Amino acid sequence: MAQELLSLQGLRIDGRRQNELRQIQCRLGVLERCDGSAYMLHGNTKVIASISGPKHPTKNSANKNRGGDEFIFNVRVKFATFSKNGERQKVVKNSKKLGEIEINLKNIFKSVILVEKYEKSQLDLNIEILQTDGSEICTVVNAATLALIDAGICMKEYICACTASLTNDGVALLDVSHLEEICGGPTLTIAALPRTGDHEQSVAYVELSQKFYLKDLNKIFDCALMGCEKIRGILDEAIRSNAFELVNSELTNN
Amino acid sequence: MLTNKVFIRKNKRGNVLKIIREHYLRTDLWCGSCCCIICPHEKHDLILAENPPSKSSIFKEPHYLMVDTNVILDQIDVFEEDVISNVIIVQTVIDEVKHRSSAIYKRLRDILTNPARKFYTFVNEHHRDTYIEREQKESSNDRNDRAIRKAALWYQNHLNKSTKESKKPKITIILLTDDAENRRKAQEEDKLVSCSVQTYVRSLSEHPYLQDKLCIKEYASESDKHPVYPPHLTVVQMHEGIKSGKLYQGSFVASRENFLEGSVNVECFEKFILVQGREALNRAIDGDTVCVELLPENEWTCPSEIVLEDNENDPIVETIEEDENEKILKESASKKQEKQPTGKIVGIIKRKWRQYCGILKPNEIKGTSRHIFIPAERKIPRVRIETRQAEKLYSKRIIVAIDQWPRHSRYPQGHFVRALGPLGDKETENEVLLIEHDVPHSKFSQEVLNCLPSLPWIISEQDYKERVDLRKIAICSVDPPGCTDIDDALHSRLLPNGNIEVGVHIADVSHFIRPGTAIDKEAASRATTVYLVDKRIDMVPELLSSNLCSLRGNVERFAFSCIWELDKNANIIATKFHKSVIKSKAALTYEEAQLIIDDKNKNDDIAKSLRRLNELAKILKRRRTENGALVLASPEIRFHIDSETNDPIEVAVKQLRETNSMVEEFMLLANVSVAEKIEKEFPEHAMLRRHPIPPQTNFEPLIKAVRHQGFDIDTSSGKHLAISLDNIVKDDNPYFNTMLRILATRCMLQAVYFISGTLTRSEFFHYGLAAPIYTHFTSPIRRYADIIVHRLLAACIGADSTYADLLDKTKNSLLCNNLNYRNRMAQYAGRASVALNTHLFFRNRSEEVEGYVLFVRKNALQILVPKYGLEGTIYLSGKNINAKFIYNEENQSQQCENIVFHSFDPVIVRLSLDSTNVQHEKLVFELVKPFIEGFSIQSNDNVMEIDETPQSPTMKRKPMEEAVAVGSGKKAGNKKKKK
Ligand SMILES: [Zn+2]
């Protein structure tokens, strides 16, 4: 029997209510050898993002770019060997799925990075997914945002990503776990710039896992957007406390 | 707060996986008690009474009940009683019940969602103070028991704190559990009040009859009694046996005629494995999935073909010696020639017990509480139950559930669930036939009713915008009299180009029933509305079926319209589909519509529209018949029911008018048009209906019977058959052609729903209608298949979006299986209802009527009585029959001296009711003419009324005579199944 996504008492399988995020923990600057990095634990999805650059284009990249003056942005995504439920994954390099994620990430971030500042330079984003438990793309986007900020890259806005699903009774569920994904509800993933302009939120990326009734789209979309805003608050908090720590340590060092 | 749950699981490939799941613990889950002053309750959370009155003689103080999982699983019948209230069910129990039995889970859910019952769900598994982790070496059962005790303890402390502060009466938590160890731990370690369900229910002194509903399982060792049956193998032994090929798994089918015989349907065997004798049957009950061992070939035997009924007089006392029945069985079996694989059942893989209808066997020992229950279904063994209200139950139909079948007990042990009502009472007997045909007929649950739109239902501006407005068009509906669930309405009008626009408007049920909701699931499970002679069991709640969806006259309703442009010769020029708002101008009966058509003075829009439709329908019908559509017949009858007594007072064969055919033609046309459309747009996922071509062997009895009458019938194709049926007429026997069609109908297979992607295009064929593709679109109020078809069509035209399950081939194929099963059962239930009413009709009368020989059998004549649409058997051999009949297989005849019987010969028979078997009354056919000395009975001239004043209220019939006929209905059912 298929599990119900929302019980009669209004609780989800893992005990959350309909509009609650999973637990999120994040830290900036977790790696030392790169120019920026971040660690993100969202539910049980664990991601490390690292940035190298901006720097002179390597020969390889420059060639690919046919010697143009453009900003070169490389994204690499990798799943750790035991990332899924302890079962050893076949390590597939350059698989179609990874390729798709990489292209999406590239497009998402190119839309917020102030590209004109980084002409003739190269930026590498490396993502390692250590453990998966649903909504991986979101965690990857959020971690990358933090890493970019840690690296001091100029951006228009934070990019935050979140998922939402729908029960059979038409209730929108925020932040979909792996178990909820396989229970069959549709999953909407969006990446948004929660505070561009006045009140307008602009959306950089939308993905739908399956079909659902059009009339529910607004509901599920609003739910995911609300999640993005909540996540923005969490990222903001992490960045501020990181900055605070940096200032403090600077002060004590001096 | 958060904790991670870690599981170790084995996946299908045998790999061991470590699964980590988040598990959130909360502080915002409340206790649901009105006496609580701690939790910030919302009003709707307050379920448990502030001062629950105690009904128990042991626990006199106010109390709430808490239960463990087994209590719910075993005693759900007790908990369904209103007497039990103020109960806390913890999440642990709900999850376990859901996992162990979906049927009981559904019943539990119905209780929980009914606020009047005062059952509160406490989500202990996500509560910060009541969640516990499984300890090392602790079994998951023990962990769950501990979790329940923990929740009980939390409640007790929580309530104590509240009542102490508010100075209200103290409330005790009573933990009900039948597990002695659990009870001990609760009492000793947690200082809780705990007792067994039995103790508690027995203490409800004002409700002594609740005790009968207790399911009492004997956990005591069985060694002190002599076992009647060999032991069952363990699960592991069965598993190994099946794996190594020594044992086989299959579903057990009990014989209806012989209680000591049954067979197992094993997939890898072509034939059923025969099982004979009490020990070999080894406690298997019809429907169980069993593990069977094949006997060595020299012990194989064959079906006994004898009727054995379990008639033991003193079944309370167990006898060990081999009984008479077994001997009879052995002797009769060994005589025969053709041996068949024979086996014995060594274990039960899965029980398929349900609740059974039946009666209590009168017990000679007065005052005992142990009784024997005789199920109405002959395939089910008798059941031993305990009841203290036997005297009251003797005259009633009751329901019993089986609890267990230990080795030392000849019969399974069960408990009384409820009484349906007095034997022979119309309501009761209807209920019996619904239960026995597995027709879901309980009231719609609150959860389902919550899905209904609120009243007054108003059409919004938005709705008008999204739909085509057809309110001005002269649409009308034509249905049988008294129809309240009007699915369809029609219109036609002349177009400027001389063509005719015809519209079929179908109730837009899928607008109200959204996929995946409780109401949708319920409708999918019911699959169809079931029509009994005097009762309708709706697929969707009445508000929809008889009001919001029903296309009643002069109200605005939503419809799904199929509009054609037809030329004068009824050729389709164009077809379009859209959702619309209509306002039917008149809800007519077939008769009224016919009168309007025939009345030349009427010339309003409706009359013109109907006349046009009628003309077109004639053309359509002619074309369909030319293509090979069959005009079949089944003896359909109507009862005229006395409005006072609800008893049938007159039986008439249903009358067909032109207008019946008119509506039918356009419904067929709409169904075909929709089928083509959805198949085109969703070639893999369309839900269609097919009628398979019957194998030629099915027609053999028909061909043989007709040959005698000097005719040849060509059954090589539907078209040839249709032509043959039209041409074979006998001027001296006007009913001959009808009988032929009845016989032809019997040769057919059942029409079924299927998903287009699962079959090849040529298999889509609908034989009866001679249509290459067909579906059901026109009755969504009463058929679930139509709802799916509506959703598919809506998706095709962009009126609605699709959803994952709509395009899931596997799920929808399973859905089709359920629809097909329910449809079949609904059909049998309908027939059983007709049989029931026929029996009521004949209860106090016997009648001599004209009949025809339908079939000649080896030892009997099958007789059809057109007046009542009845069929019955006259046995030609057996006890008390002195005449000698000679059977001629070659020309299918029976001869007694100079009188010969062939198929289709007219006879006169007397019909009367045999009520000797209380549960299985049957209609007896006796031959009056032609008269055969020693066989036929003397004519009594016409109708003889035994009871001269049948409607007189003073004439109360004795209950023993009032029993009914589930039996004959079932038989009719079986007959069809074999085809
Ligand atoms: Zn409370």
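Of all the listed residues (A:Thr132, A:Thr187), the sole one being over 21 Å from A:Ala80 (Cα atoms), modelled with pLDDT under 90 and within 14 Å of chain B (Cβ to nearest Cβ) is A:Thr187.
Restricting B:Ser561, B:Ser546, B:Ser609 to those that are touching a Gly at 6+ places or on another chain (Cβ under 8 Å) and of a type outside the set (Phe, Trp, Tyr) reduces the list to B:Ser561. So is B:Ala186 within 16 Å of the ligand (Cβ to nearest atom) and crowded, with 20+ Cβ neighbours inside 10 Å or not? No, not satisfied.
From the list A:Asn242, A:Asn253, the one residue that fits, being surrounded by fewer than 17 Cβ atoms within 10 Å (Cβ to Cβ) and more than 14 Å from chain B (Cβ to nearest Cβ), is A:Asn253.
Does B:Arg134 meet the test of being within 14 Å of chain A (Cβ to nearest Cβ) and of a type in the set (Lys, Arg)? Steps first, answer last, please.
Values: within 14 Å of chain A (Cβ to nearest Cβ): no; of a type in the set (Lys, Arg): yes.
Answer is no for this residue.
Could you tell me which of the residues B:Ile58, B:Ile47, B:Ile88 is at pLDDT 90 or above and either under 37 Å from the mean Cα position of the chain (by Cα) or more than 10 Å from chain A (Cβ to nearest Cβ) (or both)? So that I can check it myself, show each step before the final result.
Values: B:Ile58 fails: at pLDDT 90 or above; B:Ile47 fails: at pLDDT 90 or above.
Answer to the selection: B:Ile88.
Pairs are defined by a Cβ separation below 6 Å, a sequence spacing of at least 6 or placement on different chains, a first member in the stretch B:25-41 that is closer than 13 Å to B:Lys161 by Cα, and a second member that is small (Gly, Ala, Ser) and more than 8 Å from the ligand (Cβ to nearest atom); the pairs so defined are B:Ile37/B:Ser166.
Looking only at the stretch A:3-55, which residues are more than 30 Å from A:Leu125 (Cα to Cα) and of a type in the set (A, V, I, L, M)? Selection gives A:Leu5, A:Leu6, A:Leu8, A:Leu11, A:Ile13.
Matching residues to (1) within 34 Å of the chain's Cα centre (by Cα); (2) in a strand (DSSP E or B); (3) within 14 Å of chain A (Cβ to nearest Cβ); (4) within 16 Å of the ligand (Cβ to nearest atom):
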| position | (1), (2), (3), (4) |
| --- | --- |
| B:His23 | no, yes, yes, no |
| B:Leu29 | no, no, yes, yes |
| B:Val71 | yes, no, no, no |
| B:Ile84 | yes, no, no, no |
| B:Val97 | yes, no, yes, no |
| B:Ala116 | yes, no, no, no |
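Matching residues to (1) within 14 Å of another protein chain (Cβ to nearest Cβ); (2) in a loop (DSSP other than H, G, I, E, B); (3) over 30 Å from B:Ala832 (Cα atoms); (4) in contact with a His (Cβ under 7 Å, 6 or more places away or on another chain):
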| site | (1), (2), (3), (4) |
| --- | --- |
| B:Ile486 | no, yes, no, no |
| B:Ala489 | no, no, yes, yes |
| B:Pro515 | yes, yes, yes, no |
| B:Leu544 | no, no, no, no |
| B:Ile573 | no, no, yes, no |
| B:Leu588 | no, no, no, no |
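For (1) away from chain A (no Cβ under 14 Å); (2) crowded, with 21+ Cβ neighbours inside 10 Å; (3) out of contact with any Leu (no Cβ under 9 Å at 6 or more places or on another chain), each residue gets a yes or a no:
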{"site": "B:Lys809", "(1), (2), (3)": "yes, no, yes"}
{"site": "B:Ala826", "(1), (2), (3)": "yes, yes, yes"}
{"site": "B:Glu871", "(1), (2), (3)": "yes, no, no"}
{"site": "B:Ile881", "(1), (2), (3)": "yes, no, yes"}
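Just one of the listed residues (B:Ser460, B:Ser525) is of a type outside the set (A, V, I, L, M), within 14 Å of chain A (Cβ to nearest Cβ) and within 37 Å of the chain's Cα centre (by Cα), and it is B:Ser525. Of all residues in the stretch B:152-183, those that are of a type outside the set (Val, Ile, Thr), within 14 Å of the ligand (Cβ to nearest atom) and either outside any helix (DSSP H, G or I) or within 14 Å of chain A (Cβ to nearest Cβ) (or both) total 1. Residues that are out of contact with any strand residue (DSSP E or B) (no Cβ under 9 Å at 6 or more places or on another chain) and either assigned to a strand (DSSP E or B) or closer than 27 Å to A:Leu130 by Cβ (or both) do not occur anywhere in the stretch A:197-218.
Note on the stretch B:522-542: residues that are surrounded by fewer than 19 Cβ atoms within 10 Å (Cβ to Cβ) and touching a His at 6+ places or on another chain (Cβ under 8 Å) total 1.
Hey, any hits in the stretch B:454-467 for a residue that's touching a residue at least 40 places away in the same chain (Cβ under 8 Å), surrounded by 21 or more Cβ atoms within 10 Å (Cβ to Cβ) and closer than 30 Å to B:Leu566 by Cβ? So far as the stretch B:454-467 goes, yes, one or more of its residues are touching a residue at least 40 places away in the same chain (Cβ under 8 Å), surrounded by 21 or more Cβ atoms within 10 Å (Cβ to Cβ) and closer than 30 Å to B:Leu566 by Cβ.
For the stretch B:45-68, the tally of residues that are without any contact (Cβ under 8 Å) to a residue 40 or more places away in the chain and either within 16 Å of the ligand (Cβ to nearest atom) or farther than 22 Å from B:Ser196 by Cα (or both) stands at 2. Could you check how many residues of the stretch A:1-47 are more than 14 Å from chain B (Cβ to nearest Cβ), surrounded by fewer than 19 Cβ atoms within 10 Å (Cβ to Cβ) and not in a loop (DSSP other than H, G, I, E, B)? Result for the stretch A:1-47: 1. Confirm whether B:Arg418 is of a type outside the set (S, T, N, Q), in the same structural domain as B:Ile380 (by TED's automatic domain parsing) and not in a strand (DSSP E or B). Taking the combined requirement at face value, the residue does not satisfy it. Looking only at residues of the stretch B:31-44 that are more than 9 Å from the ligand (Cβ to nearest atom) and not in a loop (DSSP other than H, G, I, E, B), we find that the one that is nearest to the other protein chains (Cβ to nearest Cβ) is B:His44.
The values are calculated or read from the model by the stated rules, or taken from the named source; none is laboratory data. It should be emphasised that the depicted structure is a prediction, and the values quoted were computed from it without experimental measurement. Positions of Cβ are generated from backbone atoms using ideal geometry, with glycine treated the same way; all protein chains shown enter the neighbour counts.
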